[in-house]
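Some notes on the structure that comes next.
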Amino acid sequence: MERDNIVDEIEERDLERLQQIQQEVFNNITDYEKVKTFYKEAKENKDVHILGYYIKDNLVGTVTIHILTLPSGKDATIWDLAVKEEYRRLGIATKLMNKAEEIALGEETKRIWLFSGFYRKGAHELYRRLGYDENRDKAFVKTIEREN
């Protein structure tokens, strides 16, 4: 069955395309085996959803949402919103975000935390338009370095 102009959970057959999109958008080399491992772990975890936007069965955009159950209730995190450059400004990112928010709403989450690199200014404009408040909370990040 061909998927066309639709947001859907990605399938294993889409992993190479997912890897390509993430490398293109985030400018980092992602090992295919790591993508495959992440996908398999996500499929086993009902709280992780890797969504894709398809045009004529071709993956052109993706986002990941993770539902977190905390003592204070449920929150969600959104990661790795990415749309291939030639498909930007067509509403695809908005459709992916709307689907992620629909999942969060269905899980009765209180908040959605969205993480984005400082350099992704165009994406930040989208997040503001969708109602995300960049001035409400602050995330601190620490890289954990391991000794060889």
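So T109 clears everything in (1) of a type in the set (S, T, Y); (2) buried (at least 18 other Cβ atoms within 10 Å of the Cβ); (3) in a strand (DSSP E or B) except one condition, right? Which one?
(3) is the only condition that T109 fails.
Scan the range 27-48 and tell me whether some residue there is crowded, with 17+ Cβ neighbours inside 10 Å, of a type outside the set (D, E), over 12 Å from the mean Cα position of the chain (by Cα) and closer than 26 Å to E125 by Cα.
No - not one qualifying residue is present in the range 27-48.
With the requirement that a residue be of a type outside the set (D, E, K, R), surrounded by 14 or more Cβ atoms within 10 Å (Cβ to Cβ) and either without any contact (Cβ under 8 Å) to a residue 60 or more places away in the chain or out of contact with any helix residue (DSSP H, G or I) (no Cβ under 6 Å at 6 or more places or on another chain) (or both), what does the range 1-19 give you? So that I can check it myself, show each step before the final result.
Narrowing the range 1-19 to residues of a type outside the set (D, E, K, R): 1, 5-7, 10, 15, 18-19.
Cutting the leftovers down to surrounded by 14 or more Cβ atoms within 10 Å (Cβ to Cβ) gives us 7, 10, 15, 18-19.
Selection gives I10, L15, L18, Q19.
Can you find a residue that is surrounded by 10 or more Cβ atoms within 10 Å (Cβ to Cβ), touching a His at 6+ places or on another chain (Cβ under 9 Å) and at pLDDT below 90 anywhere in the range 89-103?
Looking through the range 89-103, none of the residues is surrounded by 10 or more Cβ atoms within 10 Å (Cβ to Cβ), touching a His at 6+ places or on another chain (Cβ under 9 Å) and at pLDDT below 90.
Residues in the range 96-108: is at least one more than 28 Å from D4 (Cβ to Cβ) and either touching a residue at least 12 places away in the same chain (Cβ under 8 Å) or small (G, A, S) (or both)?
Of the residues in the range 96-108, the ones more than 28 Å from D4 (Cβ to Cβ) are 108.
Still in the running and either touching a residue at least 12 places away in the same chain (Cβ under 8 Å) or small (G, A, S) (or both): 108.
Yes, the range 96-108 contains a residue that is more than 28 Å from D4 (Cβ to Cβ) and either touching a residue at least 12 places away in the same chain (Cβ under 8 Å) or small (G, A, S) (or both).
Looking at (1) in contact with an Asp or Glu (Cβ under 6 Å, 6 or more places away or on another chain); (2) crowded, with 18+ Cβ neighbours inside 10 Å, which one does V83 not meet, given that it meets all the others?
All conditions pass for V83, except number (1).
The values are calculated or read from the model by the stated rules, or taken from the named source; none is laboratory data. What you see is a predicted model; the values in this text were computed from it and never measured. Cβ sites come from the backbone with ideal geometry, for glycine too, and all protein chains shown count toward neighbours.
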